[in-house]
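A.B. asks: Please see the structure below; I have some questions.
The values are calculated or read from the model by the stated rules, or taken from the named source; none is laboratory data. The structure displayed is predicted, hence computed values, not measured ones. Cβ sites come from the backbone with ideal geometry, for glycine too, and all protein chains shown count toward neighbours.
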């Protein structure tokens, strides 16, 4: 990492992006671990200090979430508009990642219990927007269950006709390429048909079960 790299400010050291109820976890939380476990370490082998890392049961869901929560992520909104009714649908995810340049593919994870994903999936082409640190309200509303998730939010249409929230850092127009069941989540692979930056600013960051800011 270069000396110009920005540093992550832990949520308890900054003011929250907005006031409101306790934060809800994005739809994709907890993030998926890598196939090799924790980067740079193998369980049971001595580290540089000669001490072995402690082992714990990965089936302990709370501990699993707490450990994986130490991997800071951005937050995206995944949205679509029903072509027949004109009604917008959306959810938030913190597991978004690029997958391939050729073809251009991205991916995100959604819990099987999500009631929003079936509506977003059925509505049509997807629009993924990268949320800024000023958009905590967008995140909270899309993560809530029931009600009009878009009430009071300002948004425009992407070239493909998906909702792009005002103030978002970037947008990507996508269609679903494949879905892969993975435990209690589904991994959604999407093909990108158009994308661009939207506004300048800092990202909304999810870390240790709360939201923080990324300061340059």
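A.B. asks: Given the residues 130, 189, 120, which is the only one that is surrounded by fewer than 20 Cβ atoms within 10 Å (Cβ to Cβ), within 30 Å of residue 61 (Cα to Cα), in contact with a strand residue (DSSP E or B) (Cβ under 7 Å, 6 or more places away or on another chain) and at pLDDT 95 or above? Write out each step before concluding.
C.D. replies: Values: 130 fails: surrounded by fewer than 20 Cβ atoms within 10 Å (Cβ to Cβ); 120 fails: surrounded by fewer than 20 Cβ atoms within 10 Å (Cβ to Cβ).
Result of the check over 130, 189, 120: 189.
A.B. asks: Still on this model: If the requirement is being in a strand (DSSP E or B) and either touching a residue at least 60 places away in the same chain (Cβ under 8 Å) or in contact with a helix residue (DSSP H, G or I) (Cβ under 7 Å, 6 or more places away or on another chain) (or both), which of these qualifies: 194, 161, 212, 201?
C.D. replies: 212
A.B. asks: Any idea which of 126, 142 is under 19 Å from residue 109 (Cα atoms) and in contact with a helix residue (DSSP H, G or I) (Cβ under 9 Å, 6 or more places away or on another chain)?
C.D. replies: Only one candidate passes the filter, namely 126.
A.B. asks: Scan the range 100-136 for residues that are under 15 Å from the mean Cα position of the chain (by Cα), under 25 Å from residue 199 (Cα atoms) and assigned to a helix (DSSP H, G or I) and report the count.
C.D. replies: 1
A.B. asks: Is it the case that residue 99 is farther than 17 Å from residue 141 by Cβ, surrounded by 10 or more Cβ atoms within 10 Å (Cβ to Cβ) and at pLDDT 95 or above?
C.D. replies: In short, yes.
A.B. asks: Only one residue in 153, 157 is out of contact with any strand residue (DSSP E or B) (no Cβ under 6 Å at 6 or more places or on another chain), surrounded by 15 or more Cβ atoms within 10 Å (Cβ to Cβ), at pLDDT 95 or above and farther than 16 Å from residue 97 by Cβ. Which one?
C.D. replies: Being out of contact with any strand residue (DSSP E or B) (no Cβ under 6 Å at 6 or more places or on another chain), surrounded by 15 or more Cβ atoms within 10 Å (Cβ to Cβ), at pLDDT 95 or above and farther than 16 Å from residue 97 by Cβ holds for just one of 153, 157, which is 153.
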